[in-house]
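Q: If you scroll down you'll find the structure; I have some questions about it.
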Amino acid sequence: MKKACVIGWPIEHSRSPLIHNYWLKKHGINAIYEKKAVEPENVARFIAGLALSEFVGCNVTIPHKESAFQAVAETDKIARRLGAVNTVYVRNGKVCGTNTDGEGFIASLRQQHPDVSLQGNTATVIGAGGAAKAIIGALIDEGVTRIGIINRTRERILGLQEQFGSQIIEINETAAEQALATSDLLVNTTSLGMEGGTALALDMRYLKPGALVADIIYAPLETALLTKAKERGHPVLGGLRMLLHQAVRGFELWFGVKPEVTKELYDLVAADVQKAKRT
Ligand code: ATR
């Protein structure tokens with residue numbers, strides 16, 4: 001039987017098995033998708049060994065995305081741009097790595113808000129880590145022309161400017177009001193707003209009317225940022241949809257079928273997120 005898995009450390013809370021096993025069943029594919037806790041020092045060996053194993057590939061989650069990038073034999077342009085791999089597959093006996101976080105974000109946006117066009121738009125991104133980089137790259141590919149970044153650590157914004165060029169604009173506290181007033185899209189890529197964690201402090205009074213507000217956090221399904229945005233009449237996009245869409249390409253690479261992100265799948269994973277909250 002074919003096998004795929006997700007590796008991380010820890011891995012207990014991963015929803016990837018729920019997603020992929022739903023698709024396997026839906027498509028009548030005789031395979032199984034597992035969780036594998038892999039310690040940091042064993043990532044390189046695990047990935048190199050995939051070519052000769054029962055696994056057709058794996059997803060990679062925190063904290064292994066960078067070491068997976070180092071460990072695979074081949075990477076594509078997107079993985080190289082991010083220096084991080086979240087999807088590993090075997091082709092012609094070679095272990096290859098790609099990154100689907102950026103396309104997951106764009107696909108989720110297209111599904112939830114099919115009428116929104118990003119071409120020529122201005123965005124504000126909160127955060128400057130790995131997830132921010134994936135989303136910034138994808139937004140630039142979609143034709144977003146200006147991306148303002150708000151981040152606690154200034155050096156990381158400068159790093160993004162170096163990589164992506166003058167489209168990236170540093171937003172400090174004094175410039176935030178003006179930046180928000182001209183943004184068509186606001187995305188939180190930090191962990192601020194997660195269940196049981198620190199809240200994100202952002203004054204949304206100045207945000208351009210009608211701007212789309214997105215959060216990559218999916219627990220809670222609707223963060224305080226999104227609740228506030230909805231109250232102010234903004235269209236919103238939660239993080240769970242991105243999680244589902246980033247999984248699509250891995251499944252297609254491993255099993256040869258492009259799966260769909262259906263309402264049934266969304267509800268299944270959303271219920272699991274809710275259940276975890278209660279227990
Ligand atoms: P990921 O791969 O999920 O993006 P990361 O690369 O560690 O994770 O990035 C986390 C982001 O959340 C960063 O922008 C980080 O800000 P710093 O660059 O200043 O570290 C931001 N972040 C995390 N915790 C934060 C906090 N308590 N306050 C402000 N920003 C925070």
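The values are calculated or read from the model by the stated rules, or taken from the named source; none is laboratory data. A quick note: this is a predicted structure, and the numbers were derived from the prediction, not measured. Here Cβ is always computed from backbone atoms with ideal geometry, including for glycine, and neighbour counts include all displayed protein chains. Note: accessible area is taken over every heavy atom of the protein model, side chains too, but ligands, DNA and RNA are not part of it. Shrake-Rupley method; radii C 1.70, N 1.55, O 1.52, S 1.80 Å.
Q: Does any residue of the stretch 199-214 turn out to be open to solvent by less than 50 Å² (accessible area, probe 1.4 Å), more than 12 Å from the ligand (Cβ to nearest atom), in contact (Cβ under 8 Å) with a residue 40 or more places away in the chain and under 27 Å from Thr87 (Cα atoms)?
A: Looking for residues that are open to solvent by less than 50 Å² (accessible area, probe 1.4 Å), more than 12 Å from the ligand (Cβ to nearest atom), in contact (Cβ under 8 Å) with a residue 40 or more places away in the chain and under 27 Å from Thr87 (Cα atoms), one finds at least one in the stretch 199-214, hence yes.
Q: Another one. Take the residues in the stretch 174-194 that are open to solvent by 80 Å² or more (accessible area, probe 1.4 Å) and not β-branched (Val, Ile, Thr), then tell me which one is farthest from the ligand (Cβ to nearest atom).
A: Within the stretch 174-194, the match that is farthest from the ligand (Cβ to nearest atom) is Gln178.
Q: State the number of residues belonging to the stretch 144-165 that are surrounded by 16 or more Cβ atoms within 10 Å (Cβ to Cβ) and outside any helix (DSSP H, G or I).
A: 7
Q: Which of the numbered conditions does Glu66 fail, given that it passes all the others? Conditions: (1) touching a helix residue (DSSP H, G or I) at 6+ places or on another chain (Cβ under 7 Å); (2) within 13 Å of the ligand (Cβ to nearest atom).
A: (1) is the only condition that Glu66 fails.
Q: Would you be able to say whether some residue in the stretch 79-93 is touching a Cys at 6+ places or on another chain (Cβ under 6 Å) and modelled with pLDDT of 95 or more?
A: Within the stretch 79-93, one or more residues are touching a Cys at 6+ places or on another chain (Cβ under 6 Å) and modelled with pLDDT of 95 or more.
Q: When you scan the stretch 217-260, how many residues do you find that are aliphatic (A, V, I, L, M) and closer than 17 Å to Val116 by Cβ?
A: Residues in the stretch 217-260 being aliphatic (A, V, I, L, M) and closer than 17 Å to Val116 by Cβ: 5 in total.
Q: Quick one: is Thr100 among the polar types (S, T, N, Q), in contact (Cβ under 8 Å) with a residue 60 or more places away in the chain and out of contact with any Pro (no Cβ under 8 Å at 6 or more places or on another chain)?
A: Yes, satisfied.
Q: Please go through the stretch 211-221 and pick out each residue that is assigned to a loop (DSSP other than H, G, I, E, B) and either more than 15 Å from the chain's Cα centre (by Cα) or not assigned by TED's automatic domain parsing to the domain that holds Pro114 (or both).
A: Result: Ala211, Pro220.
Q: To continue, here is another question. Considering every residue within the stretch 6-17, establish whether at least one is of a type in the set (Phe, Trp, Tyr) and open to solvent by less than 40 Å² (accessible area, probe 1.4 Å).
A: Scanning the stretch 6-17 turns up no residue that is of a type in the set (Phe, Trp, Tyr) and open to solvent by less than 40 Å² (accessible area, probe 1.4 Å).
Q: Report every pair of residues separated by at least 6 positions or lying on different chains whose Cβ atoms are under 8 Å apart, first residue within the stretch 148-159 and touching a residue at least 40 places away in the same chain (Cβ under 8 Å) and near the ligand (Cβ under 8 Å from one of its atoms), second of a type in the set (D, E, K, R) and not in a helix (DSSP H, G or I).
A: Going by the 8 Å Cβ cut-off, there are no qualifying pairs.
Q: Of the residues in the stretch 69-94, how many are open to solvent by 10 Å² or more (accessible area, probe 1.4 Å) and either hydroxyl-bearing (Ser, Thr, Tyr) or away from the ligand (no atom under 13 Å from the Cβ) (or both)?
A: The number of residues fulfilling the criteria is 17.
Q: Do you know which of the residues in the stretch 133-143 that are more than 14 Å from the ligand (Cβ to nearest atom) and either under 16 Å from Leu158 (Cα atoms) or assigned to a loop (DSSP other than H, G, I, E, B) (or both) is farthest from the chain's Cα centre (by Cα)?
A: So, considering only residues that are more than 14 Å from the ligand (Cβ to nearest atom) and either under 16 Å from Leu158 (Cα atoms) or assigned to a loop (DSSP other than H, G, I, E, B) (or both), the one farthest from the chain's Cα centre (by Cα) is Gly143.
Q: What number of residues in the stretch 222-263 are open to solvent by less than 60 Å² (accessible area, probe 1.4 Å), over 18 Å from Ala107 (Cβ atoms) and in a loop (DSSP other than H, G, I, E, B)?
A: The qualifying residues number 3.
Q: Sticking with this structure for a sec: Checking Gly239 against (1) at positive phi; (2) within 18 Å of the chain's Cα centre (by Cα), only one condition comes out false. Which one?
A: (1)
Q: For the stretch 110-132, what are the residues that are within 11 Å of the ligand (Cβ to nearest atom) and open to solvent by 50 Å² or more (accessible area, probe 1.4 Å)?
A: Scanning the stretch 110-132 gives a single hit, Gly130.
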